[in-house]
Amino acid sequence: LSAPSANGRLDANLGIGIRDFGANTFYAPYNSTEATSTITGDLRWAAAVGRWALATTIGTRRHTDRFTLIKENPSVYENRHTNWQSSAEVVGRTSVGGAALAIGIEGMRASLRSARLGDRAETRGAAFGEVGIDAGGASSITLGVRGDHSSTFGDFVSPSIAVAVPLVGRATVHGSAGRGFRAPSWTDRYYVDPANQGTADLVPERFWSGEAGV
């Protein structure tokens, strides 16, 4: 659904997916079955407020999964879990002199009830900003920084930079660098079966990436 609002537009989305299917020999050499359901919903509001273009999004997602290893004998191995994930984000964009500026904040709450992974919950928040500078002569510089906080893993700061400079003729030389991280999932940390051993004390992967080209 979509409708105009004061100085902008309001959008609403709702999605429902229900799947019940056979998984014979897909995960293991057994007549397995799996049933999942997913419900998602969000509201998005975009509007002009003074010199700023604001975009606000709130949403939630509920996912359930029931996996039975052997259809004829569920007591051998069966996993049921329910996962909720809710989030909100506000982003503002404007121009300052010859630069384009974007800043924003976001938050997320995730929870899980699972026969195999246990009951889990985590809260995350982030603030971020990026500025794109016109350096003249078709050259540009983009600088960004993002700070994340996780109730499980603490704080992490991710800076980034990208530069593009035109050469003679049609060529342009460009380069970028940034820092990032990937937090382990609940499956990585807690899932245990005959073929997999989760590690509860895993820490996030931290990395630098870079690129250059002409």
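Values in this text are rule-based calculations from the coordinates and carry no lab data. Remember, it's a predicted structure, so these values are computed and weren't measured experimentally. Here the Cβ positions follow ideal geometry from the backbone for every residue, glycine too, while neighbour counts run over all protein chains shown.
Taking Cα atoms of the chain, Rg/Rh with Kirkwood Rh, to two decimals? Please list the in-between numbers first.
Details: Rg = 23.0 Å, Rh = 21.3 Å.
Here the Rg-to-Rh quotient is 1.08.
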Would you calculate, for the chain, the mean residue ellipticity at 222 nm contributed by helices, counting each DSSP H stretch of 4 or more residues as -39,500 (n - 2.57) and dividing by all residues, to the nearest 500? -500 deg cm²/dmol
Where only C-alpha atoms are counted, convex hull volume of the stretch 40-134 per residue in Å³: 115
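Under the 0.36 nm per residue contour assumption, what length would be gained going from the current alpha-carbon distance of Ala171 and Ala3 to full extension? Before the final figure, lay out each step's value.
Values: separation 168, 0.36 × 168 = 60.48 nm, distance 4.44 nm.
Length gained, Ala171 through Ala3: 56.0 nm.
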Integer Hz, Karplus 6.51/-1.76/1.60 couplings in order for the stretch 145-162, x for Gly and Pro: 8, 9, x, 10, 10, 10, 5, 9, 10, x, 9, 8, 10, 10, x, 8, 8, 9
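If one computes P(r) from the Cα atoms of the stretch 109-214, what percent of pairs lie at distances over 25 Å? Can you show the working numbers first?
On the way: 2484 of 5565 pairs.
Result for the distance tail: 45 percent.
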Between Ala127 and Arg19, what length in nm is gained on full extension when 0.36 nm per residue of separation is reduced by their alpha carbon distance? 35.2 nm
Relative to a virtual label point 7 Å from the Cα of Arg113 in the Cα→beta-carbon direction, which members of the stretch 27-42 show backbone nitrogen distances below 20 Å? 35-41
Per residue of the stretch 61-78, what does 6.51 cos²θ - 1.76 cosθ + 1.60 with θ = phi - 60° give for ³J(HN,Hα)? Whole Hz please, x for Gly and Pro, Karplus curve as stated. 9, 10, 10, 10, 8, 10, 10, 10, 5, 10, 3, 6, 9, x, 5, 5, 6, 8
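So between Glu211 and Ser158, what do we pick up on full extension, going 0.36 nm a residue minus the alpha carbon distance? Write out the running numbers ahead of the final one.
On the way: separation 53, 0.36 × 53 = 19.08 nm, distance 1.62 nm.
Length gained, Glu211 through Ser158: 17.5 nm.
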Label-point gap, in nm, between Asn79 and Asn196 - each point 7 angstrom along Cα→Cβ: 0.4
